[in-house]
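Input: a single structure, listed below in structure tokens.
We did not get these values from a lab; they are worked out from the coordinates using the rules stated. Because the structure is a prediction, the values reported are computed rather than measured. All Cβ positions, even for glycine, are placed from backbone atoms using ideal geometry, and neighbour counts span all protein chains on display.
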């Protein structure tokens, strides 16, 4: 606020709280200089929610103490902090190799958000994949048949043998053993079987994952697969 805006704010506050009114010209001049020194970087109002008069009126309405410049400056700092906390820097349009221009655009956008002349930029939320899928991505996914291309899936096979064995078995028409719970190692549906080394007291010493499911789990999956056509 410049000196004219400070004078207008003091006149507005004086109408609400006569304790702030100064009776002599020198006292009024000193008061104006003090408030301008402390609130010179605080705007009177912004397009997005800040108004110094509202902050002053809120203090006068809720506090029995005479208003001070800090009672306007503190809400302004809270306003700036809250807006910057909701802001996510958008990608600048400047060339990233031009560090000065790139940084200047970031700083300028943050300053505009902090001073209330621009709205905070919100980070885009991740969609659930059902309503927010890009049409081009959806068409490509339908053409490939999976979000993992075949070449990538083959390259990953040595690092996830259990999944690779499962996919190979399903491709050959064999039952999906991981669709049922294993009665031997107690692996839940969707989890690979584990090697259970039994101690003399009956406890398990180790539970390393197996690349192939236990035979009993295969039999159980085959029996469940055989029952599905009958149930249908």
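Plugging the Kirkwood radius over Cα pairs into Stokes-Einstein for the chain, at a temperature of 37 °C and a viscosity of 0.692 mPa s, what D comes out in µm²/s? Provide the component values of the computation, followed by the final result.
Working: Rh = 25.5 Å.
In µm²/s, the coefficient is 129.
Taking the Cα atoms only, what angle lies between the long axis of helix 99-114 and the longest principal axis of the chain, rounded to 10 degrees? Its long axis makes an angle of about 70 degrees.
Find the relative contact order for the range 1-45 and round it to a whole percent, using C-alpha pairs within less than 8 Å whose residues are 6+ positions apart.
Relative CO of the range 1-45 lands at 61 percent.
Between residue 2 and residue 95, the FRET efficiency estimated from the beta carbon spacing at R0 = 35 angstrom works out to 0.40.
Packing-wise, with mean Cβ within 10 Å as the measure, how do 154-166, 81-93 rank, highest first?
Numbers: 154-166: 13.9, 81-93: 12.3.
Most protected by this proxy first, the peptides run 154-166, 81-93.
Rounding to the nearest 10 and keeping the result within 0 to 90°, find how far the Cα-based axis of helix 215-231 lies from the longest principal axis of the chain. Helix 215-231 and the main axis of the chain meet at about 80 degrees. For the range 73-88, backbone nitrogen atoms closer than 12 Å to the point 7 Å from residue 122 Cα along Cα-to-C-beta are found at 86-88.
Calculated over the range 137-186, the projected area of the Cα convex hull averaged across directions stands at 4.8 nm².
Each peptide in 20-28, 52-60 receives the mean, over its residues, of other Cβ atoms within 10 Å, and ordering these scores from highest gives 52-60, 20-28. The helix-based estimate of mean residue ellipticity at 222 nm for the chain, built from -39,500 (n - 2.57) per DSSP H run of four or more residues and divided by its residue count, is -16000 deg cm²/dmol to the nearest 500. Measure nothing but the geometry: give the 0 to 90° angle between the long axis through the Cα atoms of 161-171 and the longest principal axis through the Cα atoms of the chain, rounded to 10°. Its long axis makes an angle of about 70 degrees.
Placing dummy labels 7 Å off each Cα toward the beta-carbon, the span from residue 208 to residue 147 is 3.1 nm.
For the pair residue 179 and residue 82, the difference between a 0.36 nm per residue extended length and the Cα-Cα distance amounts to 30.1 nm.
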